[in-house]
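Here the structure is laid out as structure tokens; the discussion comes afterwards.
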Amino acid sequence: MTNLKPFQVIIMGIFGFIAVLGLVLFANFQGFSSGGPQVGKVLIWGTLPSSDFNSALSTFREAHTEYASVSYVEQPAETFDRDLAEAIATGRGPDLVVITQEELLSAQGKLTLIPSSTLSERDFRDDYLPIHELYLTSNGTYGVPFLVDPLVLFYNRPILASAGAPRPPATWEAVTGLASAVNRQTDAQTVTQSLIALGTYENVENARAILSLLFLQAGYSISEPASAGMRATLSDSKESVFGNSPAVSALNFYTEFANPGKTVYSWNRSLPLSRDAFVAGDLALYLGFASERNDLALANPNLDFDMAPAPSPSLTTTRISYGNAYAFAIPRASKNSDGALRAALTLSGKDGSYLFARATGMAPALRSELAPTKDDLFEPVYYPEALVARAWLSPAIEETDRIFATMVTNVLSGRESVASAISTATQALNAALK
């Protein structure tokens, strides 16, 4: 064998090292990822549809393999709080939950407060939409903002066109002005076509949200912190665009649509669920959440509908809508609280926020991501609504429904005046909030 020169030996050594290094890298290659350490097993519970959430989560995990052990399980909304308590008590609880402000008070005792040192109030207010400030306390937050589902107005385009309305009503006054042109009744006074489903409670989808919207637009926070927990504010005396007794005016406005003696009479208890009536083409205006639009389209592919902002009082100077503020919260019994926090911050951050918003039909809670895309017909409508959406901290959902339903029913039956019903509801809310 010919003797090699020193230079050749060096060159061969370099190539040999590169070859060995390549074999090692190839043997350990696990695909391209963001390169962060594994977060470990993180089980997420929530009431969001598993098909939507897991579709986005699967896409997210493909680009971020360190989150490979993050999973989501959908839970029934009706029993979520009870199921969570039982799971925690038996050591089977999730590491992370997705809740709304409607569930915060009832779940708060089971949650870990995320300290200000981890997520400061300044960063919270700068980075996320205002509605999520309901999760803030003086020492931290009970939730990492995730999504916002604003209440919007879906409208039947042919019905409004037939009524001579070139645009959907932007104010409540404009809504009432359409009543005579849209409502249809038989000689026996059976309602066959309705302008809007307001007035009753049990067969009005999202009645709790609609009443909350009216009270918030009237200038009420509905609940607020007190020396002993929370207190209801509906009986507070104040003035607003609704008049000298704004809470009374708001409830009176709502119930008039179920009063046969009023010109705006559009709805009664004998009619189907409002969402079903809209899908059937018998309801001109439907107040629903932005996330409902795909389900409405699937329920009736022939339904010609569109979306607009929820109406406001004509004299208002500041727009207020209503929304559900979804956030990630960490149960106290989480087996992997560090991984859960990291997952929450990343899934709701720039890499995950829009991905999950698009999958669920909601708006991202991150301000920097609240820019509607050109390829979505509805984002330019409900993204701005998410920015002005407000809400309140309520008792458990079923308790709030019971109080609101009683309030409305007592007015319709004549058992109580509107003012008396407001007072009774305030007392019941105070008892439930304590």
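If R0 is taken as 22 Å, the Cβ-Cβ distance between ALA405 and ARG82 corresponds to a FRET efficiency of 0.60.
Distant-in-sequence amide contacts of TYR128, defined by a placed amide H-H separation under 5 Å and a gap of 5 or more residues or a different chain, comprise ARG367. Per residue of the chain, the DSSP helices (runs of n ≥ 4 H) give a summed -39500 (n - 2.57) that works out to -12000 deg cm²/dmol at 222 nm. Overall, the anisotropy analysis places the range 280-434 in the oblate class: the square-rooted eigenvalues a ≥ b ≥ c of its C-alpha gyration tensor yield a/c not less than 1.5, with a/b not exceeding b/c.
By DSSP, the beta bridges lying fully in the chain are antiparallel in about 70 percent of cases. The alpha carbons of the range 68-152 give a radius of gyration and a Dmax of 14.0, 40 Å, in that order. Distant-in-sequence amide contacts of THR137, defined by a placed amide H-H separation under 5 Å and a gap of 5 or more residues or a different chain, comprise TYR142.
For the chain, the longest principal axis of the C-alpha atoms and the axis of helix 6-27 are separated by about 30°.
Computed over the range 388-434, the range of Cα coordinates on each principal axis works out to 32, 28, 17 Å, biggest value leading.
Could you tell me what % of all Cα pairs in the range 186-335 have separations over 19 Å? Everything past 19 Å amounts to 62 percent. The phi torsions of the range 164-178, fed into the Karplus equation with coefficients 6.51, -1.76 and 1.60 and a -60° offset, translate into couplings of x, 9, x, 9, x, x, 9, 10, 5, 5, 5, 4, 5, x, 8 Hz, rounded to whole numbers, with Gly and Pro shown as x.
Taking amide H atoms as placed 1.01 Å from N in the peptide plane, the amide H of ALA226 lies under 5 Å from those of ARG231, each 5 or more residues away in sequence or on another chain.
Divide the volume of the convex hull around the Cα atoms of the range 130-235 by the residue count and you get 168 Å³ per residue. If one computes the Cα centroid of the range 328-365 and of the range 372-414, what distance in Å separates the two points? If you average the Cα positions of each part, the centres end up 23 Å apart. In a reduced charge model with +1 at each Lys and Arg Cβ and -1 at each Asp and Glu Cβ, the chain shows a dipole moment near 600 debye about its Cα centre.
For the range 41-104, the set of trypsin sites (Lys or Arg not before Pro) satisfying both a DSSP loop assignment and a count of at most 16 other C-beta atoms within 10 Å is given as LYS41, ARG92.
Each residue of the range 139-144 was assigned a 3J(HN,Hα) from its phi angle through the Karplus curve 6.51 cos²θ - 1.76 cosθ + 1.60 (θ = phi - 60°); the sequence is 10, x, 9, 8, x, 9 Hz, with glycine and proline shown as x. Model label points for ASP127 and ARG231, set 7 angstrom from Cα along the Cα-to-Cβ axis, are 3.5 nm apart. In the chain, taking the dipole from charged Cβ atoms about the Cα centre, the farthest positive-side position among ALA357, SER50, ASN336 is held by ASN336. For q values of 0.26, 0.29 Å⁻¹, compute log₁₀ I(q)/I(0) with the Debye formula on a Cα-only model of the range 329-394, without solvent. The calculated log intensity ratios at q = 0.26, 0.29 Å⁻¹ are -1.10, -1.20.
Normalised by 2.2 N^0.38 Å, where N is the number of residues, the alpha-carbon radius of gyration of the range 57-111 equals 1.33. Mind grabbing the base-10 log of I(q)/I(0) for the chain at q = 0.06, 0.08, 0.09, 0.13 Å⁻¹? Debye formula, identical points on the C-alpha positions, no solvent, two decimal places. The Cα Debye sum returns log10 ratios of -0.31, -0.51, -0.62, -1.18.
Between the exposed loop cleavage positions of the chain, defined as chymotrypsin sites (Phe, Trp or Tyr not before Pro) in a non-H, G, I, E, B DSSP state with at most 10 neighbouring beta-carbon atoms within 10 angstrom, the longest gap is 33-434. Across the range 107-123, rounded Karplus estimates of 3J(HN,Hα) from the backbone phi angles (6.51 cos²θ - 1.76 cosθ + 1.60, θ = phi - 60°) give 9, 4, x, 9, 10, 8, 6, 7, x, 4, 5, 8, 9, 6, 4, 4, 5 Hz, Gly and Pro being marked x.
Given springs between every Cα pair under 10 Å in a Gaussian network model of the chain, which of ASN268, ASN302, ASN336 has the largest fluctuation? Of ASN268, ASN302, ASN336, the Gaussian network model singles out ASN302 as fluctuating most.
Every number here is computed from the coordinates shown, using simple stated rules; none is lab data. Keep in mind that what you see is a predicted model, and the values were worked out from it rather than measured. Cβ sites come from the backbone with ideal geometry, for glycine too, and all protein chains shown count toward neighbours.
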